Amino acid sequence: PPKQQRRKQRTFFHFTTDGDFLSDVCVSVYVCVCVCTRAAAEDPGLKREALDVLDAAAHLGLSAVRAWAFGDGEHWNALQPTAGQFDERVFKGLDFVIAQAKARGLQLILVLTDYFPPYGGLQQYVRWSRGLRKEDPVCAEYFYTDTRCHAMFERFCCAVLLRVNTYTGVMYRDDPTILAWEICNEPRCKHSSGVPSEAMHQAWTSKAAAHIHRLDPNHLVTTGNEGFFGPTSPGRLCD
C-alpha cells in the first residue's frame, strides 16, 4: 500500500506444548522467586509457604511461575555458599519445588543469577574473582569482562542443568516442567568512563546463552532484561 496508508503492525506469538496452547500468564512476585530457599528450610511453615505459592498459581489458572535457581555467598539458604561448592539441602529444596510444580501442572522459568545483590548474583562472582570480602564495595559491571567470573558462572550452570532431581529422577535439562532458563534477573550495564557500555552486557549474554544451549538444547533461554535495550531507546542502553 502507499506509504501514507501503511500502519505499524505488532506480531503476537504463543507458546505451545505438544500442540496445546499455554496461557499467556506467568507469576513472578517476590515470594515466588524465593520458593527454593523456603522449600529448603527446616521450618515446616516456610516449606508450606513454597507450596502455598504453587497452590495459588494453580488455582488462578496460571501456566508458569518464575523462580530463583541460584543463591550465592553468605546468604540464608544459599545454593552456592562458595564458588563451585553447593549445599545439597538447598538443591533438594529446588528439586522439591520442581516436583511440586509438575504435580500441579505448572511450568517454571528458572533464573540463574541476578544483577542485584540480595541473593549474591553478579556482585558475588566479582567478589570471588577478586578475593573481596562481603563488606568491600564492588561493581556488578566488572562481571561482564571478567573471564574468571564467566568460568564460575558456566560451572554453576553445568551443576544446575545437569542435576538429576532427587524426587523425580529426571535431569533438569530433560525436564519439561522447566519452561525456560533465564540467564540473569534484570541485567544492565551502566556507563564506563562516560561511554555507554551495554555492548559488554550483550556480549556476555550471547556467550552465556550459547553455553546454556550447548548443555541443554531442549529448553528456551531468556535474557531476563526488562525490554529497554534497543534501537528505539538508545538513551537507555547505558541505564
### the stretch 93-224: equivalent-ellipsoid semi-axes (sqrt of 5 x gyration tensor eigenvalues, Cα, Å)
29, 16, 13
### Query
Put Thr166, Thr223 in order of accessible area, largest first, 1.4 Å probe: what do you get?
Thr166, Thr223
### Task
Calculate one ³J(HN,Hα) per residue across the stretch 151-160 by plugging θ = phi - 60° into the Karplus curve 6.51 cos²θ - 1.76 cosθ + 1.60, and present them in order as whole Hz with x for glycine and proline.
5, 5, 5, 5, 5, 4, 4, 4, 4, 6
### Summary
Expected vector for the stretch 108-118, Karplus 3J(HN,Hα) from phi with 6.51, -1.76, 1.60 and θ = phi - 60°, integer Hz, x for Gly and Pro, equals 10, 9, 9, 8, 9, 6, 9, 5, 8, x, x
### Query
Counting Lys and Arg as +1 and Asp and Glu as -1, what is the net charge of the other residues whose Cβ lies under 14 Å from the Cβ of Arg104?
-1
### Query
Each residue of the stretch 125-138 in turn: what ³J(HN,Hα) in whole Hz from Karplus with 6.51, -1.76, 1.60 and θ = phi - 60°, glycine and Pro shown as x?
4, 5, 4, 4, 4, 9, x, 8, 7, 4, 7, 6, x, 8
#### Entry: Exceeding the 32 Å Cα-Cα cut-off - candidates Lys92/Lys207; Lys102/Lys134; Lys47/Lys190; Lys134/Lys207
Lys102/Lys134; Lys47/Lys190
### Message
Please list, ordered by chain and number, the residues whose modelled amide H lies under 5 Å from the amide H of Asp114; skip anything fewer than 5 residues away on the same chain.
### Response
Gly121, Leu122, Asn185
### Query
Can you pull the accessible area of Lys134 for me, 1.4 Å probe, Å² to the nearest 10?
110 Å²
### Task
Using a 1.4 Å probe over the heavy atoms of the protein chains, calculate the carbon and sulfur portion of the accessible area of the stretch 47-108 as a whole percent.
53 percent
### Task
Name the long-range amide H neighbours of Thr82: under 5 Å, sequence gap of 5 or more, or other chain; modelled H, no Pro or chain starts.
Gly73
### Query
What GluC sites (Glu not before Pro) in the stretch 56-156 are in a loop by DSSP, with at most 15 other Cβ atoms within 10 Å of the Cβ?
Glu74, Glu135
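The values are calculated or read from the model by the stated rules, or taken from the named source; none is laboratory data. Given the structure is predicted, the values throughout are model-derived calculations rather than measurements. Cβ coordinates were reconstructed from backbone atoms using ideal geometry, including for glycine residues, and neighbour counts include every protein chain displayed. What goes into the accessible areas is simple: the full protein's heavy atoms, side chains included, and nothing from ligands, DNA or RNA. Shrake-Rupley method; radii C 1.70, N 1.55, O 1.52, S 1.80 Å.
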